[in-house]
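Structure, as structure tokens:
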Amino acid sequence: MQNHKELFYSNLVEYYSKNKEARKPWTHEEMKKISNEIIEAKLTVGSKTNRQYHLLSLYDIIDIKEKLMIIKKRLADDKNAVYITPYEDLFEVLYPIHISAGHGGRDKMMFALKTKHYIPRIVIETFIQSCAICHKKKNFRPVNLVNKSITSKEFSSRGQVGLIDYQSMQDGQYKWLLNYQEDLTKFICLRPLKSKTPAEVAKELLKIFLELGPPSILQNDNDREFVDGIIMELVKLWPDLKHIHEQPLDPQIQVSIEKSNQDVDNMLRAWMTENNSTN
Ligand SMILES: [Zn+2]
């Protein structure tokens, strides 16, 4: 969150230095001055200056707990007040709204803010661009399950196996994540592994097969030897599994497990960032 705040303000500074014509939200200091101007304009009897007319047509002042706040001009006094948010408070206002909207995008945030705070669109966009979690989510695109032709007609006739490398941030003894995907339903099973030896992979796969049923064809797109090794180990554990065999992937119609590995990895990393976890 601290990094998010720093990045957000440094991006804002950069934006307003490049776009001089864009009106930067007022600071607390500027708001004090403007409040006084608005009060003076309201008290002026007779002809007002253009500046005073302008201010009064857009803003009003309300007194909240003995603090003067600038709000958007309301059609009637009983309409709810939309506060003009000072520059220094932008992050504190935006952050809880963004989080409670599940890292909501610009439109979702603007909708949530609409009746309470006025914050320029560009500020909201900058806020979202500065969010590390939103960045990761943006790179995550789920596999399109519908348009990919299904190569299996029966459940559990074919499955793909893949490993995701977490050696750089292992959790205790666990350094790898086994990803097994059933081809017909694209249902995936994930299991933590201490090593990538065929014996350990086979032991975990066996547990999955006991639940889902073993496939006839086991695949991995770029390592056929890896799959052969696993099958040999599987047969040691369950001799009746002789019918399982390896088959190369047909890149024309099959989505590689690599894509699914990547999605799982992106989701896990996003979760870790969100929860400040390092393993
Ligand atoms: Zn976010």
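The values are calculated or read from the model by the stated rules, or taken from the named source; none is laboratory data. None of these values were measured; they are calculated from a predicted model. FYI the Cβ positions are ideal-geometry reconstructions off the backbone, even for glycines, and counts take in every protein chain you see. Please note that ligands, DNA and RNA were not included when accessible areas were found on the heavy atoms of the full protein model with its side chains. Shrake-Rupley method; radii C 1.70, N 1.55, O 1.52, S 1.80 Å.
Close Cβ contacts (under 7 Å, 6 or more residues apart or on different chains) running from residues in the stretch 1-30 that are within 16 Å of the ligand (Cβ to nearest atom) to residues that are not in a helix (DSSP H, G or I) comprise HIS4/SER130; HIS4/CYS131; LEU7/SER130; PHE8/SER130; ASN11/SER130. Each residue in the stretch 216-233 was checked for being over 34 Å from the mean Cα position of the chain (by Cα) and assigned to a strand (DSSP E or B), and 1 of them qualify. With the condition kept exactly as written, say whether any residue in the stretch 244-267 is in the same structural domain as GLN170 (by TED's automatic domain parsing), surrounded by 14 or more Cβ atoms within 10 Å (Cβ to Cβ), farther than 30 Å from LYS136 by Cα and not acidic (Asp, Glu). Yes, the stretch 244-267 contains at least one residue that is in the same structural domain as GLN170 (by TED's automatic domain parsing), surrounded by 14 or more Cβ atoms within 10 Å (Cβ to Cβ), farther than 30 Å from LYS136 by Cα and not acidic (Asp, Glu).
Checked against the criterion of being open to solvent by less than 70 Å² (accessible area, probe 1.4 Å), among the basic types (Lys, Arg), closer than 30 Å to HIS103 by Cα and assigned to a strand (DSSP E or B), the stretch 183-197 contains one or more residues that satisfy it.
Selection over the stretch 186-207 of residues that are closer than 20 Å to ASP265 by Cα and of a type outside the set (Phe, Trp, Tyr) gives a count of 13.
Exactly one residue among SER35, SER47, SER10 is surrounded by fewer than 10 Cβ atoms within 10 Å (Cβ to Cβ) and in the same structural domain as VAL123 (by TED's automatic domain parsing), and that residue is SER47. Scanning the stretch 71-129 for residues that are within 16 Å of the ligand (Cβ to nearest atom), open to solvent by 40 Å² or more (accessible area, probe 1.4 Å) and polar (S, T, N, Q) yields a count of 2.
Step by step: first the residues of the stretch 132-172, then only those that are of a type in the set (Val, Ile, Thr) and either within 16 Å of the ligand (Cβ to nearest atom) or at pLDDT below 80 (or both), then the one that is farthest from the chain's Cα centre (by Cα). Which residue is that?
If we filter the stretch 132-172 for residues that are of a type in the set (Val, Ile, Thr), which is where we start, we get 133, 143, 146, 150-151, 161, 164.
If we keep only those that are either within 16 Å of the ligand (Cβ to nearest atom) or at pLDDT below 80 (or both) as well, we get 133, 143, 146, 150-151.
Details: ILE133: 5, VAL143: 16, VAL146: 23, ILE150: 29, THR151: 32 Å.
Per the stated criteria, the residue is THR151.
For PHE91, indicate whether it is in contact with a helix residue (DSSP H, G or I) (Cβ under 8 Å, 6 or more places away or on another chain) and not charged (D, E, K, R).
Numbers: in contact with a helix residue (DSSP H, G or I) (Cβ under 8 Å, 6 or more places away or on another chain): yes; not charged (D, E, K, R): yes.
Yes: the conditions hold for PHE91.
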